Amino acid sequence: MSHPHEPKPSHPAHHHREAAPEDVATAIVTVSDTRTLETDTGGLLVAELLASAGQTVSGRRIVPDEPAAIRAAFDEALADPRARAVVFTGGTGIAPRDVTPDTLEPCLDRVIPGFGELFRMLSYEDIGSAALLSRALAGLKGGKVVFVIPGSRGAVRLAMEKLILPELGHLAGEARKTR
């Protein structure tokens, strides 16, 4: 039985998904002043969920909550010819050092507003009104898909399982199309 919020098999979105690429190599960037690769449980969960869905992780790194470091990681991930998507975790709240969305949104060619809207809606179902503090977003840059999500394991699992993994192939395929 299909989920009530999933498109029905005859829906046009179903046909787009069928034509989507199966493996979307994805770079993972954790934004944190305190985490290391060993203590970055959110970034590790992104990698584990991608792998369990048959997706390739093209790289994983940690950068501090500094705009220049975030931008350099963004540019490096986009320059990697293997990567078709990038997932940033961390720095999406409202604290003064939470600058990931502020740094990356102006760099995107297009924003996908539905991602942040749906993430906050689903998050609200889990954590209530605290969901409004999340500034999660997604967009396109140079034919690649970029996601910016919180770094907590709960938020990572929600974003990956409910939004990113079901649409990753479809989004990556659409992002590469030209006019």
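The values are calculated or read from the model by the stated rules, or taken from the named source; none is laboratory data. Everything quoted here is computed from the prediction, not taken from an experiment. Neighbour counts are summed over all protein chains in view; Cβ atoms, including those assigned to glycine, are modelled from backbone coordinates with ideal geometry.
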(request) Go through the range 53-90 and give me each residue that's within 18 Å of ILE164 (Cα to Cα) and among the small types (Gly, Ala, Ser). (result) ALA53, GLY54, SER58, GLY59, ALA77, ALA83, ALA85, GLY90
(message) Return the residues of the range 49-70 that are touching a strand residue (DSSP E or B) at 6+ places or on another chain (Cβ under 8 Å), without any contact (Cβ under 8 Å) to a residue 40 or more places away in the chain and assigned to a loop (DSSP other than H, G, I, E, B); say none if nothing qualifies.
(response) THR56, PRO64, ASP65
(request) Tell me which residues, restricted to the range 62-95, are surrounded by fewer than 23 Cβ atoms within 10 Å (Cβ to Cβ) and basic (Lys, Arg). (result) ARG71, ARG82
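Is it the case that the range 107-126 has a residue that's β-branched (Val, Ile, Thr) and within 13 Å of the chain's Cα centre (by Cα)?
Step one: filter the range 107-126 for residues β-branched (Val, Ile, Thr), giving 111-112.
Those still in the list that are within 13 Å of the chain's Cα centre (by Cα) too: 111-112.
Yes - at least one qualifying residue is present in the range 107-126.
If only one of LYS144, LYS177 is over 11 Å from the mean Cα position of the chain (by Cα) and modelled with pLDDT of 95 or more, which one is it? Reasoning before the result, please.
Details: LYS177 fails: modelled with pLDDT of 95 or more.
Going through LYS144, LYS177 in turn, just one is over 11 Å from the mean Cα position of the chain (by Cα) and modelled with pLDDT of 95 or more: LYS144.
Could you say whether any residue in the range 133-156 is in contact (Cβ under 8 Å) with a residue 12 or more places away in the chain, part of a helix (DSSP H, G or I), buried (at least 17 other Cβ atoms within 10 Å of the Cβ) and touching a strand residue (DSSP E or B) at 6+ places or on another chain (Cβ under 7 Å)? Outline the logic, then answer.
Let us first name the residues in the range 133-156 that are in contact (Cβ under 8 Å) with a residue 12 or more places away in the chain, namely 133-156.
Now restrict to residues that are part of a helix (DSSP H, G or I): 133, 153-156.
Filter once more, so that each one left must be buried (at least 17 other Cβ atoms within 10 Å of the Cβ): 155-156.
Filter once more, keeping what is touching a strand residue (DSSP E or B) at 6+ places or on another chain (Cβ under 7 Å): 155-156.
Yes, there is a match, as at least one residue in the range 133-156 is in contact (Cβ under 8 Å) with a residue 12 or more places away in the chain, part of a helix (DSSP H, G or I), buried (at least 17 other Cβ atoms within 10 Å of the Cβ) and touching a strand residue (DSSP E or B) at 6+ places or on another chain (Cβ under 7 Å).
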(request) Return yes or no: is GLU167 surrounded by fewer than 24 Cβ atoms within 10 Å (Cβ to Cβ), modelled with pLDDT of 95 or more, over 20 Å from THR100 (Cα atoms) and of a type in the set (Asp, Glu)? (result) yes
(request) Provide a single number: the residues in the range 30-43 that are at pLDDT 95 or above and either touching an Asp or Glu at 6+ places or on another chain (Cβ under 9 Å) or aromatic (Phe, Trp, Tyr) (or both). (result) 3
(message) For the condition more than 19 Å from ARG60 (Cα to Cα), without any contact (Cβ under 8 Å) to a residue 60 or more places away in the chain and surrounded by fewer than 17 Cβ atoms within 10 Å (Cβ to Cβ), what is the one hit in ASP109, ASP98?
(response) ASP109
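Per-residue answers, yes or no, for (1) of a type outside the set (Val, Ile, Thr); (2) modelled with pLDDT of 95 or more; (3) assigned to a helix (DSSP H, G or I):
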position: HIS5; (1), (2), (3): yes, no, no
position: LYS8; (1), (2), (3): yes, no, no
position: ARG17; (1), (2), (3): yes, no, yes
position: ALA27; (1), (2), (3): yes, yes, no
position: ALA47; (1), (2), (3): yes, yes, yes
position: ALA72; (1), (2), (3): yes, yes, yes
position: ASP75; (1), (2), (3): yes, yes, yes
position: VAL87; (1), (2), (3): no, yes, no
position: THR92; (1), (2), (3): no, yes, no
